[in-house]
Amino acid sequence: GEARIYPPKNNLHDSWSLTNVHGTSVDDSIVVPTISLDDVIAMLGSREPKFINILKMDVEGAEEILLPLVSSSEFKFHILLAELDLLSLIPFKDIRLRTRKLLLAFKILRMLRQSGYVLLKVDGFNFLWINRQIFFESVAV
């Protein structure tokens, strides 16, 4: 597929974003080819086992798009690390947007929990989950 990505306001930074978190002009955006996470893993020859050790994501506000895909992926991860910019980039005075983003964050957290991920640590906007099934199977061995 393809996706439009938006540049950061400061051209010295490299934090391009799917969700235009910096509010830059669409004229400055570019369209890039994309590939699904499952397809990337399959291309690397990882069809079996379906468990991958670590997935670390810093996706500049696209967590609301990508974390639901991670929770529904055919692959499961022992450890999932993600920076939730969708929380950190909310304008403080925009209470409606802030409320929508907080509710979305709770929905994503619930979805991950229902997919077997246990939230283990939060450090600022950095979140660490472990996969309950994989963790307890490896501890029992």
Within the range 4-40, residues among the charged types (D, E, K, R), more than 21 Å from LYS56 (Cα to Cα) and in contact (Cβ under 8 Å) with a residue 24 or more places away in the chain come out as ARG4
From ASP14, ASP39, grab the single residue that is surrounded by fewer than 17 Cβ atoms within 10 Å (Cβ to Cβ), among the acidic types (Asp, Glu) and outside any loop (DSSP other than H, G, I, E, B). ASP39
Residues of the range 76-98 being hydrophobic (A, V, I, L, M, F, W, C) and either closer than 20 Å to LEU120 by Cα or more than 15 Å from the chain's Cα centre (by Cα) (or both), which ones? PHE77, ILE79, LEU80, LEU81, ALA82, LEU84, LEU86, LEU87, ILE90, PHE92, ILE95, LEU97
Find all pairs meeting these conditions: Cβ atoms under 6 angstrom apart; at least six residues apart or on different chains; first residue within the range 104-132 and open to solvent by less than 60 Å² (accessible area, probe 1.4 Å); second residue of a type in the set (Asp, Glu). LEU104/GLU64
Search the range 53-77 for residues that are on the phi < 0 side of the Ramachandran plot and among the small types (Gly, Ala, Ser) and pair each with any residue that is in a helix (DSSP H, G or I) and open to solvent by less than 30 Å² (accessible area, probe 1.4 Å) when their beta-carbon atoms are under 9 Å apart and the residues are at least 6 apart or on different chains. ALA62/ASP85; ALA62/LEU86; SER71/ILE108; SER71/LEU112; SER73/ILE41
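The values are calculated or read from the model by the stated rules, or taken from the named source; none is laboratory data. Predicted model, so just to flag it, every value in this text is computed and none were measured. Note that each Cβ is placed from the backbone with ideal geometry, even for glycine, and that neighbours are counted across all protein chains shown. Side chains included, ligands, DNA and RNA excluded: accessible areas come from the protein's heavy atoms. Shrake-Rupley method; radii C 1.70, N 1.55, O 1.52, S 1.80 Å.
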